[in-house]
Amino acid sequence: MSLLRQPLLLLARSGRVKDLVSTLPVSAGIVRSYVPGEDTEDAVRATADLVDEHLRVTLDYLGEDTLDSDQADNTVQAYLDLLGALSASGLTRHAEVSVKLSAVGQAIPQQGHKIALENARTICRAARNAGTTVTLDMEDHTTTDATLVTLRELRKDFPETGAVLQAYLHRTEADCRALAYEGSRVRLCKGAYDEPAEFAFQSRLDVDKSYVRCLKVLLAGQGYPMIATHDPRMVRIASSLASRNGRAAGSYEFQMLYGIRPEEQRRLAAAGESVRVYVPYGTEWYGYLMRRLAERPRNLTFFVRSLISKS
Ligand SMILES: Cc1cc2nc3c(=O)[nH]c(=O)nc-3n(C[C@H](O)[C@H](O)[C@H](O)COP(=O)(O)OP(=O)(O)OC[C@H]3O[C@@H](n4cnc5c(N)ncnc54)[C@H](O)[C@@H]3O)c2cc1C
């Protein structure tokens, strides 16, 4: 993996650097290439544009690691506003939402689990009423168990709730087996956080091998795999495993991030695949942007240019 990955992921959690970088307007080139805007209107507009191009969407109201229950409530309200606006625009057949439990209170001491569960339940209910679904994003490994417990609780009332599993974790192949049951929506990604060797594969090759093992489990299983990667090799392997398992298009989907390999998103959709684009929006784009830079350090040049041109 790149030498810059770990320092960039450490910076993703640095409050001081965040304060400096967050003064960049969202319109600054590098931010804008990954985040279409700050408010509900921007999110709905970006969704409509993607849907016009035969893509589906999952929307993330940016924010994470909140320790403040008012802020968690604001995040819930933002999702409710978004779901209302998507429904009013007739977009909920094609657009769902992705939620980070740490943005709705998971990290609040003592009560975090309970607060996040109730908040997620409120969002799931609103999504159900609007005719769409929620997927729970997965964060660093210290939250995996708690997030899967919350998922199990939510699925009792909202079985359509999607899970995310990260191939870089040693445990994930087993988690895939446990979640590959009928009706279970599972997004498989490589994983975006800085994780210790005790819990996660460290080399790109080992992560990729794990991703393929997990794909085999999910595509042979009874659930609905959501294959989240921009890696051309993983896309090719997933397509061939899908046909080997007799899966028709529409019984699984590809997912990619807004602004990353957009031409490949359109190519797959034109070839008849279901493709969903993950669209983050809001003012709290700092941690998200730093994880994207860690995946692609060559974008740092553009980022530094944005900072210099601002000052
Ligand atoms: C829909 C979706 C949802 C996700 N949800 C989560 C989640 O809940 N939890 C989590 O930990 N991670 C999540 N991720 C991030 C994921 O874990 C990876 O960090 C990220 O997708 C990069 O891995 P990759 O599979 O694309 O492969 P890589 O090997 O990293 O990249 C393959 C190719 O993709 C392109 N590419 C990758 N990243 C970038 C970039 N930032 N800018 C430009 N080009 C790039 C390059 O061409 C690169 O060669 C999600 C990813 C997607 C697509």
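The modelled label-to-label distance for the pair Glu198/Arg32, using points 7 Å beyond Cα in the direction of Cβ, is 4.5 nm. In this structure, the amide hydrogen of Thr133, modeled 1.01 Å from its nitrogen in the peptide plane, lies closer than 5 angstrom to those of Val97, counting only residues at least 5 positions away or on a different chain. Other residues with beta-carbon under 11 Å from the beta-carbon of Glu284 carry, at +1 per Lys or Arg and -1 per Asp or Glu, a net charge of -2. Inter-label distance, Asp73 to Val149: 2.5 nm, where each label sits 7 Å from its Cα along the C-beta direction. The value for the chain of Rg(Cα) / (2.2 N^0.38 Å) is 0.94. Taking the Cα centre of the chain as reference, the dipole from Cβ charges on Lys and Arg (+1) and Asp and Glu (-1) amounts to some 1080 debye. For the stretch 3-91, take the convex hull of the Cα atoms, compute a quarter of its surface area, and give me that in nm², please. The Cα convex hull of the stretch 3-91, projected and averaged over all directions, gives 7.5 nm². Excluding residues on the same chain fewer than 8 positions from Lys216, give the lysines whose Cα lies under 25 Å from its Cα. Within the straight-line limit of under 25 Å, Lys216 reaches these lysines: Lys190. For the stretch 134-176, report the % of Cα-Cα distances exceeding 12 Å. For the stretch 134-176, the share of Cα pairs beyond 12 Å comes to 59 percent. Here Lys114 is the anchor, and the lysines within straight C-alpha reach of less than 27 Å, apart from those fewer than 8 places off in the same chain, are Lys100, Lys156. Surface composition of the chain: carbon plus sulfur atoms contribute 52% of the solvent-accessible area (1.4 Å probe, protein chains only, all chains present).
The magnitude of the dipole of the stretch 130-211, with charges of +1 and -1 set on the Cβ of Lys/Arg and Asp/Glu and taken from the Cα centre, is near 300 debye.
The accessible area of Ser87, taken with all protein chains in place and a 1.4 Å probe, comes to roughly 60 Å². Relative to its residue count, the stretch 66-116 spans a Cα convex hull of 60 Å³ per residue. Per the Debye calculation on the stretch 206-311 with a single equal scatterer at every Cα and no solvent contribution, log₁₀ I(q)/I(0) for q = 0.18 Å⁻¹ amounts to -0.95. In the context of the full set of protein chains, residues of the chain present 45 Å² of accessible surface per residue (probe radius 1.4 Å, heavy atoms only). Pair-distance distribution of the stretch 1-160: all C-alpha pairs, bin width 10 Å, starting at 0; shares per bin in whole percent are 10, 35, 36, 19, 1.
The values are calculated or read from the model by the stated rules, or taken from the named source; none is laboratory data. None of these values were measured; they are calculated from a predicted model. For neighbour counting, all protein chains shown are included, and Cβ atoms are generated from backbone atoms with ideal geometry for every residue, glycine included. Each accessible area value is taken on the protein alone, full model and side chains, heavy atoms only, with ligands, DNA and RNA left out. Shrake-Rupley method; radii C 1.70, N 1.55, O 1.52, S 1.80 Å.
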